[in-house]
Structure formats: structure tokens, C-alpha cells
Amino acid sequence: MTDAPLAPPRRLAALLSRRPAAGRARSGALHRFLRHRLAVAGLAAIALMLLACWLGPLLIPYDQLFIDIRHRFAGPFAGPHVFGTDQLGRDLLVRLLMAGRISLTIGFAAMALSTAVGTAIGLVAGYRGGLVGAALMRCVDAVLCFPSVFLLLALAAFIRPNVVTITLIIAATGWMEVARVVQGQIRTLKARDFTLAAELMGASGFYVMTNELLRNAVGPIIVAATLTVARAILAEAYVSFLGYGIQAPVASWGNMLNNAQQYLGSAPWLAIFPGLMITVAVASFNFVGDGLRDALDARVEL
Amino acid sequence: MAGPVLEVRGLSVGFADGRRTVPAVHEVAFTLHPGETLALVGESGSGKSVTSLALMRLLPPAPRTRVTGAALLRGRDGTVHDLLALPDAAVRALRGDRIAMIFQEPMTSLNPVHRIGDQIAESVRFHRGLDRHAALKRAEGLIERVGIPDAARRLRAYPHELSGGMRQRVMIAMALACDPAVLIADEPTTALDVTVQSQILALLKGLQRETGMGLVFITHNLGVVAEIADRVMVMYAGRIVESGGVVPVMTAPRMPYTAGLIASVPRLDLKGGEMVSIPGTVPDPRAPPPGCAFAPRCPHRRPTPCDEAVPPLEAAGAGHDVRCRRWAEIAAAAAPRPALEARA
Amino acid sequence: MSAAPQDAAPLLKVEGLRQHYGGRGLFGRGDVVRAVEDVSFEIRRGETLGLVGESGSGKSTLGRALLRATVPTAGRITFGGEDITAWTAGRLRALRPRMQMIFQDPFSSLNPRMTVGGIVAAPLVIQRQGLDRAARRARVIEALATVGLPERAADRYPHEFSGGQRQRIGIARALVMAPDFLVADEPVSALDVSIQAQVVNLLMEVRRRLSLTMLFISHDLAVVGHVCDRVAVMYLGRIVEIADTRSLFSGPRHPYTEALFAAVPIPDPTLRRPRVLLDGDLPSPLAPPSGCAFRGRCRHALPACAAAVPPLRAVGPGHFAACIRDDIALAAPVAA
């Protein structure tokens, strides 16, 4: 506080971060992202994981449901089953990759849904403001008041679990963050004169929201969406681990962990590998989200 | 007291931009005597604010910026400190004590969650080691001194409860808390209404008479310069282009840029017709013109000598310097200059 | 100054306009800000009216209310003979091309994610002029040319331009629909001095070429004197003086106008004079003083000034002032 009266004004920050051209601004964002090592590593891990889950099962000569009682509990890194086998002798690697297809699909689909819903609600709440905005945001607060794990479980208990319903449930508990981010962003943007300029041209609310405001909020939405993927993967793991999610024999990382509990002492790899996949996936999306946040930080535009 | 209280020599500032350094200020030099007001005039991008921030050591550290030169501040005991060479801790001790600064927008420099009395007192406590009670007492005195009525009550106000003019008075009170020898005022009245602006200018002049501080007044408003300055330094594209006493510079400017700037100030004379403007815009500091930076906008430009090399600062009179190769020719052709005299 | 025929019909007429804010929130009641109080005036076709006042005087709010960016609290706005006070957004839409606005801040008024071409074309798109891409592009280039920007500017983004150039882009956007009426809200006050004059000259030129009617809002009396035919001075939501520019500059009749003139710094160091005529700040619009809002800062205030809000009254041909004193001599910047 001693230095408070001497703190350089914001003008200086503007002075120092002035970017001359659009091309520069964009490559600037890419440049900033690439400087974020963890984010780049996360992006590589995600790409690798997607590729493995897509191609891997086609290359491995085992089916995820093929039971081979004679080779049950085969240890990893020995013999033909690279990651070993489970209590029914099913190949763990192919199950991990097939489970990855499910988990990642749910993650991305839930992200798409909750981002769409959250963006729409945040956009309307931020632009309309007043009573409409207040009512919408109180709804957001209300949903946020529920502990989301219990909400997930309560919903899951009533609905027949499959990929579609699990995705819907996760999306239903995950759109609020996006709505908040978007609402805050839109409120600031709405105060800028270009919004009034559009209204004075006779633009409808829909036009102003979609053409003027939304495109300025893309950065924060992308960041929020990325973090939502991580959240959704984690949520799917919770639900499946607790037995309300994807049901056996179909594998997901969550129900594989659940299954591994009984053999934790004798066959720890059954828990370690799915746990590792979840950790790596969630951490990677979080790192990418952080990197994007730094890279897309609004300093570029003035 | 004889001798300058602040002497700046060869101050240059560059900002790192990727691999290269973009120059923002070139070889700025000036002296400031006690009780003197030096106006630093220029438009956006002229380097006037960067100059002041460099003096206050408020620019981001190397390698983001590169600052060279010397800024010699005379200390309370007569010793001379080079603000640009001292370690950070020593600069902090001088800043707010011997040299202080006020900014254009007081709201960004005031902490919104602290009462203004505490904010002023904090500065006094840091530099003078007073206890809280004594510091608050002094804060009250300072608030009275900058013309805020009902000082005891205003001590307890938060920044957002004050008008822009009042906030700027608070900033001045904070800056004056330790009787600095030098006050740097960076566009302190630009965000204010004209009636409040004239109040603040009168306040600064009055305080300067009382304390004998040297004032570096940064502004783009030539009306304000005429009102407050003893000497003027005009900056363009990071260089001093004209400097001297306020009367010679403003009544007989030698640099075409200064003349254009003075002519483009709108006046209350209802003359009608087109307003005088300077065509074009300031050059991009990344790609400066080869010669005189003002040449592309200058009505008196000749390819030789204007575009050959950056002109040196030449003496055009006693204490009047100008950075123009053709100033003597232009002055001879234009004399006698009736423009301003007629208006006076 | 443009030569507006004295007998031209008013394009815009404002009667008893009030614009209040706040007063109701979701939780509890808020304070009412009386931003504009009982304002009446008219602007003749082809005329430029200057609106002068300090920040907080309500001049920007008034400008926005005229364009029906807000719903007025009370009063009547007549544009081109039609009472538009209560028009819905849908009805106003058809009127929008005829009334446009130029903003103060050249950074916040242009969408940073749109190209300049997109920004200038937006009114055409929104108004569904039924133009194809090429026709729109032609109109955009024409508008850019009017404000002195090259065709290639259309494909670039706002942040690639300087403040003055961005203000030109804003003017091009306002002109692309060929409006009758323009509200210019402090169009040059964010610009450097040497650039200000360029933009003022441009505005005066397009006004002449397109015979625009204009409300020119500014705190800079010198610029207003240069641009406007008539000037209205606002103080705390009310017009305190309105007159032809020459009449106002040669004989202000309200002490606030005199103080505004006196506060303008003059770039001549040989003319130093004590010129602080006003103490204190604008009073809060939440709790304006009784009677004349200016009396607390006025050198000429009498006890009678507190009694009632002084009405605007004629003090000369076309010259109205809201001051009860006729017996005071006020200094003028220009000889009569």
C-alpha cells in the first residue's frame, strides 16, 4: 500500500502490450500457448490418447469382451497381454482403450451440451440484465447449491444408465460455470459503445447477442469448455465407480476402477492403469485450459 | 538554493519487442530548479509519459525495457543520487519522499477499499516513521492544505465517494505528504472538467509557491502549458524537438511541429472556417523515418536536408533549442510573425 | 458554421423531457438519478446545435434519449413531425437509418472482432436493404472514401488504426445509411490536438455535403463555437442557457456560461490571468439543491435564487437564460 499512489496506471500496461496488427495478435496467441510447456504436453497427451483409443483396439488381437479364464490375472509387461488381464482373463489394454472411447466421448459430448446451454443462458442473462438476467442467474445459483455429486447420483438412480443418459446427466450438472463466465463477459462487453451502436442501427437483441457480443466472448468460452471436458471425465468416473454409470460388461475407466477394488492387493495393476488414464486425461485438459486462458487473455484487443 | 534539484542526462528508453528493441525515448536531457515548472508537451506516442515513468523507476525491469542515462536528484542533505542507478530499495525510499508523482486518473492509483485518510497516513508512516495517530493528524492537515473542505470528515471517506476533482486533490495531498523536492504531474487535469481543471492548476501553483518544489508537468494541452509553465519541452516521437522559456517557445515557436500544435488549439474567437490541423499521424516507432521524425507531416519539408539524418538540437536563442535544420530559413521567411501578437 | 435558414421547420423537437435512472432494484429501492430534468428545445433542419456542459451535466444522457436509446421518463420527442416518445423498438427500427450517432471513445465504439468493412456494412445488413454482397461493398467503400479512408481499410481490423482513423470509421458507419440527423457525442475529445482538428473539419465537410442536422455534444466550448449554429449549456440535467453561437459568445447571460468560458485555458503565456471563477464541484444529481442548482457555486447568488428553479426566459432575440438576475455584467470571450 505504501507504493499505491505510485503504482503505474493501466495506461502503461496498454502501452507495453500494444499489438500493431491482427496477424500479429493471432500468432501472438499461438506463441503464448506454445510457451506454456504443460499445456503443450497436455495437448500432446490428449492427441495421443484420442489416437490410441481410436486405432488401438483395431490393432490389438483381443476383443474387450473375450474371456480367457486360463490366463486370468496375468501380470503386466509379461507375455502377450501387455497390460496384463483381469479376473476373467480379459486383455486390460484393449479394455482401457475401449473404456477411453466411452469416457472421452462422454467428456466431449457433455462439454458440447453444457457449453451450449451455459452460453445461451449466460448470453441472455448478461445482455438482458434486469429482472430476466437476475432470474436466470438465480437459477444458476440454485443449481450450483446442490452438491453436484449427489445430484449426479440422484439423477442416475432414476434413469437407465447408458452413454446418452450419462452424458445428459453430466451436462445437466456442468453448465453453470460456463453460464457464469459468459454472463460476466457479456455484461462487460455490453457496456462498450459498439453494443449501443448496433442497437441504434435498429439491430434486434438476437443480432446484438450473436453478432456483436458472442464473438468477443469466444476466448473465455473455449477456456471454460476445455475445463468442462476434464470435469465431465471425472464426473463419469465418479458415477461409474459408484456403480450408477456405464454398466458391465461395457468398460469405462470408472467401472474398471470399481471392479479393481476387490483385487487391490493381488492385482494392483487393475486399479493403477485406469486410475492413471483418468489422471492423465483430466490433468491434460486442465493444463490445456490453463494454457488457453493465458494465450487468449483479452490483452490482445484493446 | 542554487543549482538544479533534478538533472536528467541522456535518458533513453527502449521496449523489448520479440528480439528487437523499439526505442520510445531518445537522449532526453533537462534540468529542473527549485520552484520551477517545466512542462513536458507532446501527443500520444511522444514519449513524455515514458520519460516520467523512467525517472520514477516505474517501468517494468529489464529485459522488457532498456533504460540508459542518468537522473540526478539532489537529496535532502545535498548529496546527489542517480535515480537510474540506485538499487530498488533506495529508490523506494526516495520515491514519495524527495520525488513524487500524480497521474491522470486518480482512481487507478487510489486503493478503493481503504479510507483516504489511511492511504495518506500510510505514506507518511512509511517515510517518516510516525505513529498512526500522528500520521492521521498530518493527513488531516494535508487534506486541508489541498483545499478539501471539512477535512476531518473527508479523512474517513472512500475514494469512490469523492468527485474526480476531489480525488485528484487527495492524490496531490499524498504526493505532498513528505514535502518532495520534485513533483511529476502526468496529465493531472486531463480527465477533469475545465472548471475543475482551473482549480487544480491554481492549487498546484499555490502549493509550489509555498514549498518551492520543482514541478514537471506533463500535458498535451498547450492552454494549460501557457497557464502554468516557466519552461517548455516539446517532445515528438521520443525526442525533444523544442525547448525553452514558455514565452519564446509559445509566441515564437521555431519548430514547425510546435507551431502547428499551437495553431491547432481551438480558440474562443468564432473565426469560423476550417480548423488548423496537422495532416497525417505520428510515425510508427518500429519504422521511424530516416531523417526528421516530423518531416512526413511538415509543410516546410525539403528532402535535403530534412530526410537525410535526424537533426541535432540547435540553439535558436538564449536557452531556446530546436531540432529543425531549416528553422532559421523558416523564421526569416515568416518574419514578422503577426499571428499571436495580434491576438494578444 | 453552416447557414441554417431561420424559418426552416424543426426536424427535432423536445418538450419537457425527463430521464431518470434507478429508483427500483430487485432488492429494495435505489436512489433516483435525475439525469435530465424538464428539457425543451428544437433543432431546425440543417442546423447544428451544440450541447455544452461538464461531466455529470446529463448531456450524453440527453443525446441518447433523443435517439430513443432509452425510454424517456416524461416529456415528448418529435422527430420529423412524428411523436416518437413511445415508439416500440420495432417501430423505431424503420426510423433508425435517419438518425445516427458518433461516439466519444474510438476504442469502445468499434467491435474489435469485426473487420472495418463489416462494421461499416452492419447498418445495411441490419436494416435488410436487400443489397447483395457486391452492392454492400460498394456502399462501404463509398462511405470510407467520404471520410478519407482507402478501400483496403475495409479488410483490416479496428486495432490496426490510430484513434483519429478509428473515429473516421465510426463516422463512416454513421453515414452509410445517409441519415438526416446525427448525434455526435464528444467526437473529438479522446483525440490528440493535432488530430482533433482533422476530425472536426471532416464533420463540418460531410455536414455541408449531406445537409445534415446535428446535435454536437462537447465539453470544449472552443470547438463548439467553431462547429455550431446555436449552443445550449447544460447544468445538472437542465438547460441553463441557449442562444445563437455569436450571441452566446459575445454576451453570456448565465453566470455558469461565463465561468465555463473563463475556465478555457488560452495558449498564450503573455495573457496569464486569474481565472478561477468557480469553487467546488457539481452537486450530486441524487440530491440537487433547491431553486437554481448553480447557486452554491455562483458569485451572483441571492437568497431569492433558492426559492424556485428559474425558468428559461427570453433575454434577447433567440437567446434564453435561466437566471433571475438581469443586473449583472458577465465577461464574454468575443466582443459584441
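Points to keep in mind about this one:
- Hits in region B:279-297 (condition: modelled with pLDDT of 90 or more and within 11 Å of chain C (Cβ to nearest Cβ)): B:Phe294, B:Arg297
- Scan of region A:65-103 for residues that are of a type in the set (Val, Ile, Thr) and surrounded by 18 or more Cβ atoms within 10 Å (Cβ to Cβ), ordered by number: A:Thr85, A:Val94, A:Ile102
- Matching residues, region B:237-252, being at positive phi and either assigned to a helix (DSSP H, G or I) or within 12 Å of chain C (Cβ to nearest Cβ) (or both): B:Gly244
- Test result for B:Met275, within 12 Å of chain C (Cβ to nearest Cβ), of a type outside the set (S, T, N, Q) and buried (at least 22 other Cβ atoms within 10 Å of the Cβ): yes
- Hey, C:Arg34 of a type outside the set (Val, Ile, Thr), assigned by the TED database to the domain that holds C:Tyr157, part of a loop (DSSP other than H, G, I, E, B) and touching a residue at least 24 places away in the same chain (Cβ under 8 Å) or not: no
- Qualifying residue in region C:81-100 (condition: of a type outside the set (Val, Ile, Thr), buried (at least 19 other Cβ atoms within 10 Å of the Cβ), under 13 Å from the mean Cα position of the chain (by Cα) and within 13 Å of another protein chain (Cβ to nearest Cβ)): yes
- Residue in region B:256-271 that is within 20 Å of B:Val8 (Cβ to Cβ) and under 19 Å from the mean Cα position of the chain (by Cα) present: no
- Filter pass, B:Gly165 being surrounded by 14 or more Cβ atoms within 10 Å (Cβ to Cβ), closer than 25 Å to B:Asp186 by Cα and in contact (Cβ under 8 Å) with a residue 40 or more places away in the chain: no
- Options C:Ala293, C:Ala301, C:Ala306, C:Ala322; residue that is surrounded by 21 or more Cβ atoms within 10 Å (Cβ to Cβ), touching a Cys at 6+ places or on another chain (Cβ under 9 Å) and over 30 Å from B:Arg231 (Cα atoms): C:Ala322
- Condition check for B:Thr304: away from chain C (no Cβ under 14 Å) and hydroxyl-bearing (Ser, Thr, Tyr): yes
- Single unsatisfied condition, B:Ser49 versus (1) crowded, with 19+ Cβ neighbours inside 10 Å; (2) over 12 Å from the mean Cα position of the chain (by Cα): (2)
- B:Ile262 meets each of the listed conditions (1) assigned to a helix (DSSP H, G or I); (2) of a type in the set (A, V, I, L, M, F, W, C); (3) more than 30 Å from C:Glu205 (Cα to Cα) apart from (3).
- Flag for A:Phe77 being touching a helix residue (DSSP H, G or I) at 6+ places or on another chain (Cβ under 6 Å) and modelled with pLDDT under 90: no
- Residues of region A:153-209 that are among the aromatic types (Phe, Trp, Tyr), out of contact with any helix residue (DSSP H, G or I) (no Cβ under 7 Å at 6 or more places or on another chain) and surrounded by 20 or more Cβ atoms within 10 Å (Cβ to Cβ): none at all.
- In region B:88-118, residue farthest from the other protein chains (Cβ to nearest Cβ) [restricted to those that are farther than 22 Å from B:Ala54 by Cβ and in a helix (DSSP H, G or I)]: B:Gly117
- In the set (1) within 19 Å of A:Tyr207 (Cβ to Cβ); (2) under 27 Å from the mean Cα position of the chain (by Cα), C:Leu144 fails one condition alone, (1).
- Region C:191-208 - residue that is free of Cβ contacts under 8 Å to residues at least 60 places away in the same chain and of a type in the set (D, E, K, R) and, of those, farthest from the other protein chains (Cβ to nearest Cβ): C:Glu205
- Here B:Ala315 meets each of (1) within 14 Å of chain C (Cβ to nearest Cβ); (2) part of a strand (DSSP E or B); (3) surrounded by fewer than 17 Cβ atoms within 10 Å (Cβ to Cβ) with one exception, condition (1).
- Here B:Gly214 clears all of (1) out of contact with any Leu (no Cβ under 7 Å at 6 or more places or on another chain); (2) more than 13 Å from chain C (Cβ to nearest Cβ) except the condition numbered (1).
- Residues of region A:210-226 that turn out to be crowded, with 22+ Cβ neighbours inside 10 Å and within 11 Å of chain C (Cβ to nearest Cβ), as a count: 3
Okay, residues lined up against (1) of a type in the set (Val, Ile, Thr); (2) in a helix (DSSP H, G or I); (3) in contact with a Lys or Arg (Cβ under 8 Å, 6 or more places away or on another chain):
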| position | (1), (2), (3) |
| --- | --- |
| B:Val50 | yes, yes, no |
| B:Val67 | yes, no, no |
| B:Leu72 | no, no, yes |
| B:Asp77 | no, no, no |
| B:Leu84 | no, no, yes |
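- Verdict on B:Asp179 being over 16 Å from the mean Cα position of the chain (by Cα), crowded, with 23+ Cβ neighbours inside 10 Å and without any contact (Cβ under 8 Å) to a residue 60 or more places away in the chain: no
- Residue check: B:Ala151 meets all listed conditions (1) crowded, with 19+ Cβ neighbours inside 10 Å; (2) touching an Asp or Glu at 6+ places or on another chain (Cβ under 6 Å); (3) at pLDDT below 85 but one, namely (1).
The values are calculated or read from the model by the stated rules, or taken from the named source; none is laboratory data. Keep in mind the model is a prediction, meaning the values are calculated, not measured. Note: ideal-geometry Cβ built from the backbone for every residue, glycine included; neighbour counts use all protein chains shown.
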